[in-house]
Amino acid sequence: MRRIASLLAALAVSAAPALAQDAAWETEGLTDDAITIGVMGPFSGNAASYSKALIGMMAYYDKINDEGGVHGRKLVAVQEDTACDSAKGLAAAKKLISQDKVFMLQGNSCSGVALALRPTIEESGVPWIVAHAVSDSISDPLAKNIFHGVPTGGANGRAMAAFVLSKPDTKNVAIIEHSNDWAHSYSNPARAYLEEHGVTPSLELTMERGQTDATAQVLKLRQEKPDFIIAALYEAETAIFLRDLKKYGMGDIPVMGTAGTDLENTLKRTGDFDTVKNYYVIHSYVDNLDGPKMAPWGEMIHKYYPDEELSTFSFVSIGSAEALVAALEAAGPDLTRSKLMAALEEVRDFDTGILSDPITWTPEDHQGVKGSAVAGFVDGSPTVLKAWGQSY
């Protein structure tokens, strides 16, 4: 679990307020021995598997607290359930900001919810590190207090398309997606990358959230016979789509999925390896989940959450929590919200030891992670890949 000592030395934090707020606002949610952090996520509902990302992040808070905290202050998580629902998410954000008066926010799964929260959080000025949701529009256009700590849909979409085209002789590519902003945050950059490289998608299909049958879409794909399919679908619909692909004799066509799915979880959902053997997903990490580089992180999570079943989602938010702690350390003991935001904007090439790409935030760009690896089953085992047939 690495630190970059040079980062802390380089962080020159201005004492001038980043936002026009009074002194009481600057230290709201802060005491001599605690920093309160609002953690929003889908702790219930059909997207509850995404809450694993927040469990991993809070386990990292616990680790830091056991080591004495940051300048003597413990990181105290105040949890609110969004159920991956925009109305519930907005109520959660308003409660954390106005009633609980947390110092900052970190977390969020479900891009649609995060997008709904952006105006309220931006107006509040409260620092927010987006640790799981990926839509580019959450952090672009630039907002002084909003930072993305994972690859955005744009970064992932381009990585998805690059992997698809790295398979030799791939010329016919189809896209299936939800009609929401989350799916478009992947598919639009992927489509742009394909077209930049001379490939126009031959078929573009929609499968809505909650849909329990993909027969109509699969029959159209069977007529088109694509070389590769890009699927911007949530996990439940991905499993349905893959099952129907196999049902209609198309299980050998490779499918490229998003960070909204998990390789092992998708296998569990389908219950059949043949259904997922040609499924690939964005994988933001330096190793397989059971690889030696990931083992310390899994042990950390189980120390504080012994019964937690690990998945890809369990690790995704830890890197941004590491960067947060580094910025808090750099901001010094006389902490304010403005000092924290200034410190976050000085994070450069921060190697988390867990994400496949480093985190860099600047005053001009708060989208901190620019790339991603890919995971798929190779010879029956989950494998991290740089490109088709090339291990990470």
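The values are calculated or read from the model by the stated rules, or taken from the named source; none is laboratory data. If you're wondering where the values come from, they're calculated on a predicted model, not measured in any experiment. When we count neighbours, we look across all protein chains shown, and the Cβ atoms used for this are built from the backbone with ideal geometry, even at glycine. For accessibility, only protein heavy atoms count, side chains too; no ligands or nucleic acids. Shrake-Rupley method; radii C 1.70, N 1.55, O 1.52, S 1.80 Å.
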- Note on the structure: Residues of segment 73-94 being within 19 Å of residue 51 (Cα to Cα) and not in a strand (DSSP E or B), in sequence order, are 82, 83, 84, 85, 86, 87, 88, 89, 90, 91, 92, 93
- Query: If you scan segment 266-292, which residues turn out to be open to solvent by 50 Å² or more (accessible area, probe 1.4 Å) and not hydrophobic (A, V, I, L, M, F, W, C)?
  - Reply: 268, 269, 271, 274, 277, 290, 292
- Note on the structure: Listed by first then second residue, the pairs whose first member lies in segment 141-156 and is farther than 12 Å from residue 284 by Cα and in contact (Cβ under 8 Å) with a residue 12 or more places away in the chain, whose partner is in a strand (DSSP E or B) and of a type in the set (S, T, N, Q), with beta carbons under 7 Å and at least 6 positions apart or on separate chains, are 148/367
- Query: Taking the condition closer than 21 Å to residue 35 by Cβ and not in a strand (DSSP E or B), does residue 121 pass?
  - Reply: yes
- Message: Here is a check on your reading of the model: is residue 268 out of contact with any Pro (no Cβ under 7 Å at 6 or more places or on another chain), farther than 26 Å from residue 84 by Cα and outside any strand (DSSP E or B)?
- Response: no
- Item | From the options 314, 338, residue that is within 17 Å of the chain's Cα centre (by Cα), in a helix (DSSP H, G or I) and of a type in the set (S, T, N, Q) | 314
- Message: Quick test for you: out of 347, 325, 374, pick the one residue that is open to solvent by less than 10 Å² (accessible area, probe 1.4 Å) and in a loop (DSSP other than H, G, I, E, B).
- Response: 347
- Item | Close pairs from segment 330-344: first on the phi > 0 side of the Ramachandran plot, partner at pLDDT below 95 and open to solvent by 10 Å² or more (accessible area, probe 1.4 Å), Cβ under 8 Å, at least 6 apart | 332/13
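Residues are listed down the side, and each one gets a yes or a no for (1) more than 22 Å from residue 50 (Cα to Cα); (2) open to solvent by 40 Å² or more (accessible area, probe 1.4 Å); (3) at pLDDT 95 or above; (4) in contact with a Cys (Cβ under 7 Å, 6 or more places away or on another chain):
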| site | (1), (2), (3), (4) |
| --- | --- |
| 118 | no, no, yes, no |
| 133 | no, no, no, yes |
| 146 | no, no, yes, no |
| 149 | no, no, yes, no |
| 154 | no, no, no, no |
| 173 | yes, no, yes, no |
| 177 | no, no, yes, no |
- Message: Quick test for you: out of 252, 307, 287, pick the one residue that is within 29 Å of residue 219 (Cα to Cα) and either of a type outside the set (S, T, N, Q) or not in a loop (DSSP other than H, G, I, E, B) (or both).
- Response: 252
- Pairs only if they're at least six apart or on different chains, beta carbon under 8 angstrom, first in segment 51-78 and free of Cβ contacts under 8 Å to residues at least 12 places away in the same chain, second in a strand (DSSP E or B) and not small (Gly, Ala, Ser); list them, first residue then second. 65/74; 65/75
- Enumeration of residues in segment 32-58 that are part of a helix (DSSP H, G or I), open to solvent by 10 Å² or more (accessible area, probe 1.4 Å) and among the small types (Gly, Ala, Ser): 48, 49, 51
- Note on the structure: By residue number, the members of segment 190-241 that are in a helix (DSSP H, G or I) and open to solvent by less than 10 Å² (accessible area, probe 1.4 Å) are 190, 194, 218, 221, 235, 238, 239, 241
- Note on the structure: Within segment 237-264, residues among the small types (Gly, Ala, Ser) and at pLDDT below 95 come out as 259, 260
